Amino acid sequence: MTKRLVDETDGPLDASELADAAIAAALVFSLLAIGRLLAAGLFFQILGTVVFAVLAARHRTRTVVLSVTATALFTVLLGGTGPITQSIIAGLFGWTGGVSLARNRSIPRTVGLALLVGWPPVALATVAFFSVATELRALAFENVENQWNGLSRVFEPLGFPGVRDAGADFISGQLDWWMIAVPVAQLFVSAAYALLVRRLGRRVLRGVNDALGPVVPLSLQEPETGTSFEGGAPLPLSLDDVAIERQGYVVNSGVTVSVSPADNVAIAGRNGAGKSTLLDVLAGLIPNSGVVRNGAPRLGLTGGTSYVSQRPEGQVLAPTVAEDIRWGAAADVDVADALGSVGLVGFDDRLTSELSGGELQRLALAAALARKPSLLLADEITSMLDPEGREQINQLLTDINDRGVAVVRTSHLAGDLAEADRVVTIGRPQELVENELLNTIYVGRPVLTLTDVSYTYDGGKPWARTVLTDIDLTIRSGELVLVTGSNGSGKSTFARVLAGLRKPTEGTVEKEPGTSVAIAFQHARLQLLRPLVDSELRSLAGAHSMDEKGRARLERLPRAVGSLGLGDLLDARVDSLSGGQQRRVLLAGLLARGASVIVLDEPLAGLDDEGRLQLAEVVDDLRRQGTAVVVVSHDASWGHDRVTRVLRLDKGRLSTERSDA
């Protein structure tokens with residue numbers, strides 16, 4: 001299991017700690033609000049405590065303090081002191097539970113820390129409150145007596161008539177000494193609370209660590225990993241015979257690589273070879289074995305390491321583009337210059353939720369460069385860009401490298417690899433076999449028709465934006481339609497309109513009777529909801545039911561799995577797969593589902609050459625079954641000998657570039 005290095009004491013909160021603190025605060029606030037709505041405050045308070053426990057197990061104490069403070073401020077909106085008190089109690093017991101989980105403390109030590117830290121302030125606050133709020137104290141004690149009277153009725157039919165009176169006398173006697181009785185009762189409740197949080201927190205933490213890799217504080221670092229720090233800057237950096245394991249699978253083994261200031265390095269390899277994981281190690285992840293020699297990674301800090309992942313939507317945090325650039329960056333950052341360098345001139349006030357995949361990649365890169373890094377790590381940074389945008393970003397990386405910034409990137413594209421001064425290939429080399437020419441496939445009847453379709457975001461508002469205009473299109477069974485266009489031209493919106501996920505603001509989309517449409521999003525992970533590959537494939541294929549359709553889909557699954565090379569991954573966890581492998585899982589599930597029309601939004605992003613060939617073969621199989629396939633992609637050269645029509649979107653208008661239909 002891999003670990004990410006965090007300095008336990010020094011330095012301000014980094015970007016990941018701030019983001020996790022904000023996410024935890026929002027989640028706990030939501031839980032407390034639901035608990036208040038459903039009159040189940042204690043249950044949801046316990047869940048909130050588990051959230052803080054996981055945060056405390058993975059981050060420094062100041063991260064938890066920030067998150068609890070934010071939660072307490074938010075809960076003012078819920079009214080009364082109850083939610084504020086709940087958030088503080090959740091924070092206290094969550095911190096103690098998280099610290100114990102991080103250090104793998106025994107049950108007695110876990111309970112002891114909770115009683116030492118959590119019980120005294122809760123007990124003192126309760127006594128102080130009841131001393132002042134005498135009417136509320138009387139009401140609370142009366143409620144306790146009423147609850148006992150109701151509960152004791154159960155004993156009377158059993159032949160214990162004296163239990164009710166004895167219990168009532170005991171409670172009454174205790175309430176006479178309430179200043180002692182209440183803290184003693186809270187002592188036992190606090191111990192049970194700590195045990196419950198420990199049990200639930202351990203399970204949740206294990207799942208989070210499996211997905212993200214656990215965080216190990218610097219003071220607890222295992223010496224056998226061989227990691228050493230030689231200064232305050234991330235470079236020079238070297239990896240010697242490094243091995244990394246995730247989800248029980250070794251994704252990197254025997255990796256040796258070095259990066260010096262102003263290096264320009266490209267990492268190549270097949271899907272699943274471990275390219276992204278290697279970047280994680282360069283960013284500070286501690287490997288299972290081998291030696292890492294580097295300065296402090298200082299991930300996300302000015303002058304340190306900046307990381308642009310292959311899922312930029314996970315790095316975009318603010319509602320508007322300009323705010324996202326400023327998030328965590330230096331106060332004097334020039335937003336206009338940062339956006340202009342990546343081709344997003346005039347995007348300052350655009351909502352990040354409305355950006356295309358390629359525009360999100362550009363924004364993530366701009367935010368990374370705004371921190372003036374000495375090391376830039378870029379994972380498949382051009383996978384969703386059009387050819388013009390890819391050339392622009394490649395030139396930008398060359399320019400910043402010439403100015404002394406070290407660049408380490410991963411890519412499957414030959415043009416990207418050619419920009420690097422050095423290419424490091426990890427894993428087995430690719431064995432490329434040219435696919436045979438496609439046999440003639442019959443193009444049949446119309447199955448989907450778009451007439452005068454337009455789509456406008458925020459229609460009727462001053463900031464309304466039209467992304468599709470007057471589109472007329474007929475899709476026939478067995479067709480392969482390739483839709484190209486520059487970033488922001490409306491391709492993803494067009495794909496969602498085809499799939500029925502967005503209703504056009506004008507015009508109609510008509511399906512022939514019996515026609516079903518499926519879509520594969522450009523971010524495959526968003527559609528993968530099951531933990532294991534095998535169960536995910538069955539879910540995507542709709543093969544859980546045992547009716548006629550379910551049985552047919554189940555029978556198609558093995559062929560789909562084999563055609564996309566997933567046979568060895570059926571027992572793997574989805575989160576352990578690379579981006580390209582996750583995309584193959586999604587495509588295999590849709591292939592087995594047997595839809596009439598399948599829309600593939602940027603299916604080539606993150607796929608190696610072998611995966612691109614396999615995709616072509618999958619599309620062939622679909623078309624032979626009479627399925628129409630619409631591929632939305634920047635790569636106009638893919639499948640040139642297969643495509644029946646090439647369409648281009650330009651500022652929301654659709655035109656035909658080539659038609660063989």
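Identify all residues within segment 477-491 that are open to solvent by 30 Å² or more (accessible area, probe 1.4 Å) and part of a strand (DSSP E or B); write none if there are none.
Scanning segment 477-491 gives no hits.
Hey, any hits in segment 387-408 for a residue that's part of a loop (DSSP other than H, G, I, E, B), touching a helix residue (DSSP H, G or I) at 6+ places or on another chain (Cβ under 6 Å) and surrounded by 21 or more Cβ atoms within 10 Å (Cβ to Cβ)?
Looking for residues that are part of a loop (DSSP other than H, G, I, E, B), touching a helix residue (DSSP H, G or I) at 6+ places or on another chain (Cβ under 6 Å) and surrounded by 21 or more Cβ atoms within 10 Å (Cβ to Cβ), one finds none in segment 387-408, hence no.
Residues being surrounded by fewer than 18 Cβ atoms within 10 Å (Cβ to Cβ) and over 22 Å from Val447 (Cα atoms): count how many of those fall in segment 617-634.
1
With (1) at pLDDT below 85; (2) touching a Leu at 6+ places or on another chain (Cβ under 7 Å); (3) open to solvent by 10 Å² or more (accessible area, probe 1.4 Å) as the list, and Leu654 as the residue in question, which single condition is left unmet?
So the condition that Leu654 fails would be (1).
Which of the numbered conditions does Ala364 fail, given that it passes all the others? Conditions: (1) closer than 30 Å to Ser637 by Cβ; (2) assigned to a loop (DSSP other than H, G, I, E, B); (3) open to solvent by less than 40 Å² (accessible area, probe 1.4 Å); (4) modelled with pLDDT of 80 or more.
Failed condition: (2).
Yes/no matrix, rows are residues, columns are (1) touching a strand residue (DSSP E or B) at 6+ places or on another chain (Cβ under 6 Å); (2) closer than 27 Å to Ser576 by Cα:
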position	(1), (2)
Gly478	no, no
Val481	yes, no
Gly488	no, no
Ala499	yes, no
Glu506	yes, no
Ala520	yes, yes
Arg525	no, yes
Gly542	no, yes
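Looking at this structure, is Thr474 part of a loop (DSSP other than H, G, I, E, B), at pLDDT 85 or above and open to solvent by 10 Å² or more (accessible area, probe 1.4 Å)?
no
Against the condition touching a residue at least 12 places away in the same chain (Cβ under 8 Å) and within 22 Å of the chain's Cα centre (by Cα), how does Ser516 come out, does it pass?
In short, no.
What's the total number of residues in segment 44-97 that are outside any helix (DSSP H, G or I), without any contact (Cβ under 8 Å) to a residue 24 or more places away in the chain and either closer than 19 Å to Leu124 by Cβ or open to solvent by less than 30 Å² (accessible area, probe 1.4 Å) (or both)?
Total meeting the criteria: 2.
Consider Ala336 against the criteria (1) open to solvent by 20 Å² or more (accessible area, probe 1.4 Å); (2) farther than 24 Å from Val423 by Cβ; (3) of a type in the set (A, V, I, L, M); (4) in contact with an Asp or Glu (Cβ under 6 Å, 6 or more places away or on another chain): it satisfies all of them except one. Which criterion is unmet?
Ala336 satisfies every listed condition except (4).
Identify the single condition in (1) open to solvent by less than 60 Å² (accessible area, probe 1.4 Å); (2) closer than 22 Å to Gly485 by Cβ; (3) of a type in the set (Gly, Ala, Ser) that Gly346 does not satisfy, given that it satisfies every other one.
Against the list (1) open to solvent by less than 60 Å² (accessible area, probe 1.4 Å); (2) closer than 22 Å to Gly485 by Cβ; (3) of a type in the set (Gly, Ala, Ser), Gly346 comes up short only on (1).
With the structure loaded, tell me whether Leu577 is touching a residue at least 24 places away in the same chain (Cβ under 8 Å), buried (at least 24 other Cβ atoms within 10 Å of the Cβ) and out of contact with any Asp or Glu (no Cβ under 7 Å at 6 or more places or on another chain) or whether it fails that test.
Judged against the criteria, Leu577 is a match.
For residues in segment 540-581 being acidic (Asp, Glu) and more than 28 Å from the chain's Cα centre (by Cα), which is modelled with the lowest pLDDT?
Initially, segment 540-581 is screened for residues acidic (Asp, Glu), giving 547-548, 555, 568, 571, 575.
Now drop any that are not more than 28 Å from the chain's Cα centre (by Cα), which leaves 547-548, 555.
Numbers: Asp547: 61, Glu548: 65, Glu555: 74.
Taking the candidates together, the pick is Asp547.
Condition test on Leu376, is it over 26 Å from Leu613 (Cα atoms), part of a helix (DSSP H, G or I) and in contact (Cβ under 8 Å) with a residue 60 or more places away in the chain? Quick ask: steps written out before the conclusion?
Details: over 26 Å from Leu613 (Cα atoms): yes; part of a helix (DSSP H, G or I): no; in contact (Cβ under 8 Å) with a residue 60 or more places away in the chain: yes.
In short, no.
The values are calculated or read from the model by the stated rules, or taken from the named source; none is laboratory data. Source: prediction; values computed, not measured. With ideal geometry, Cβ positions are generated from the backbone for all residues, glycine too; neighbour counts draw on all protein chains shown. Each accessible area value is taken on the protein alone, full model and side chains, heavy atoms only, with ligands, DNA and RNA left out. Shrake-Rupley method; radii C 1.70, N 1.55, O 1.52, S 1.80 Å.
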